[in-house]
Amino acid sequence: MKRKIINYLIIMSIFILLGTLFSCASLKTDDDDSNNQARIELKGNPTTGYSWFYEIEDDSVIQLEEDIKYLGSNNVVGAPSLFTYTVVALKSGSTTVKFEYKRPWEDLPAVDTKIYQVSVDDKGIVEISEP
């Protein structure tokens, strides 16, 4: 019985480590200023149950559109995916977006957290920075 528990803990630790390793981020701004959009890209492993969850401090300034692209082949469990969040300007102002990488059914702290400051100018141009 103890052996099964130890094996389970080792496997879960490996999945958490893999999830943390693949949870890198990048920021991209569209070249066409008329789009008034920018993108946040985060890697993750939804096949292991982990996903990115976000909270917008002031959702009257921006909205996020989510797209998830599986990067593995043959539906391999643990293969990474790319979570792309398109930031769409709604009005000028600034807000903060907090992303947490976790399993929704676990009552545990997130294994990774990303925080971004988002500003929208009077022309609707979106700028993203990490505090």
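A few points about this structure:
- For the cross-link pairs Lys98/Lys123; Lys43/Lys69; Lys43/Lys102; Lys69/Lys91, the ones whose C-alpha atoms lie over 21 Å apart are Lys98/Lys123; Lys69/Lys91.
- Principal semi-axes of the equivalent ellipsoid, √(5λ) from the alpha carbon gyration tensor of region 73-131, are 30, 16, 9 Å from largest down.
- The trypsin sites (Lys or Arg not before Pro) of region 46-98 that DSSP puts in a loop, and whose beta carbon has at most 15 other beta carbons within 10 Å, are Lys91.
- Net charge of neighbours whose Cβ lies under 14 Å from the Cβ of Leu90, counting Lys and Arg as +1 and Asp and Glu as -1: -4
- Mean-position separation - Cα centroids, region 77-131 and region 34-75, in angstrom: 7
Throughout, read-outs are computed from the coordinates displayed, never taken from laboratory work. If you're wondering where the values come from, they're calculated on a predicted model, not measured in any experiment. As a convention, Cβ positions derive from the backbone with ideal geometry for all residues, glycine included, and neighbour counts pool all protein chains shown.
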